[in-house]
1. PRE reach from residue 47 (point 7 Å along Cα→Cβ): which of region 73-88 fall under 20 Å by backbone N?
2. Can you list which of the GluC sites (Glu not before Pro) found in region 32-124 are DSSP loop residues with at most 15 other C-beta atoms within 10 Å?
3. In whole Hz, what ³J(HN,Hα) sequence does region 145-150 give by Karplus (6.51, -1.76, 1.60; θ = phi - 60°), x for Gly and Pro?
4. Apply 1/(1 + (r/R0)^6) to the Cβ-Cβ distance of residue 176 and residue 31, taking R0 = 30 Å, and write down the FRET efficiency to the nearest 0.05.
5. Between residue 72 and residue 87, 0.36 nm times their residue separation minus their Cα-Cα distance comes to what?
6. Can you tell me how much longer the chain between residue 18 and residue 110 gets when fully stretched, taken as 0.36 nm per residue apart minus their C-alpha distance, in nm with one decimal?
7. Report the extension gain between residue 102 and residue 202 in nm, rounded to one decimal, defined as 0.36 nm multiplied by the number of residues separating them, less their alpha carbon distance.
8. Does region 17-98 come out rounded, prolate or oblate by the C-alpha gyration tensor, with a ≥ b ≥ c the root eigenvalues, rounded set by a/c under 1.5 and, if not, prolate when a/b is larger than b/c and oblate if not?
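Nothing in this text is a laboratory measurement; each read-out follows from the coordinates by a stated rule. All figures in this text were calculated on a predicted structure; none of them were measured in a lab. When we count neighbours, we look across all protein chains shown, and the Cβ atoms used for this are built from the backbone with ideal geometry, even at glycine.
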Amino acid sequence: MSALEHDYSDRRAAPRVRIDGSISALIGRGDGELIDLSRRGAKIRHTSLVRRGSAVRISFQCAEGRFSANAEVLASRVVAIGESGTTYESRLRFANVDAESQQTLDRSLDAISVRDMRKWVANLRGWSDESSAPQAPVIAGAFLRCRLVGIRWEVKCTSSTEQPPDGFVVPAHTPDAEIVTLCDTYYRADEDGRHTIRMMAAAAVE
């Protein structure tokens, strides 16, 4: 199989992570709940009307601290209408984030990424039944080697489980979305973080 080269320059600038569980948030003067989060913005489900192009204040509390910033509404749509009122989903882009909130956001995203990687390894190795989706059969000797070459990711099939110094090796049946998440996380991580990713990938291919 020929090399598949992927340019992650846009995605790695602001990869989104799905919120597992519930994180309450304030959007303007109304209550909401985070759906996903990135370093540039968030998707939030809420009950107060906001309009595309408007500026709102968003804040939320998590284990890493409190985040608060102004944001631009990029899009908003109705997702439910019931007796308790109308529910919206809106995509926001952060603006004027102060240093303390930025640190809180960075720590939150890093913590979520580590959690997702651990869950990914656990599910692949059969340590957890949290994922109900059927897994593709594992083919012996079929792996993907992902290497960061300059600003691009190079993905090749390989029969070797040796982890490269500039990337990682995962089972060939790993979903594309999970590979993108791993690549995004690897790019943002320091050397210790990258080593952790290689160790987790090594555990997954054992």
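1. 76-88
2. Details: sites: 33, 64, 72, 83, 89, 100; in loops: 64, 83.
Filter output for region 32-124: 83.
3. 9, 10, 10, 8, 10, x
4. Values: r = 35 Å, r/R0 = 1.16.
Taking R0 as 30 Å, the efficiency between residue 176 and residue 31 is 0.30.
5. Numbers: separation 15, 0.36 × 15 = 5.40 nm, distance 1.89 nm.
Contour length minus the Cα-Cα distance gives 3.5 nm.
6. 31.9 nm
7. Stretched fully, the residue 102-residue 202 segment lengthens by 32.8 nm.
8. oblate
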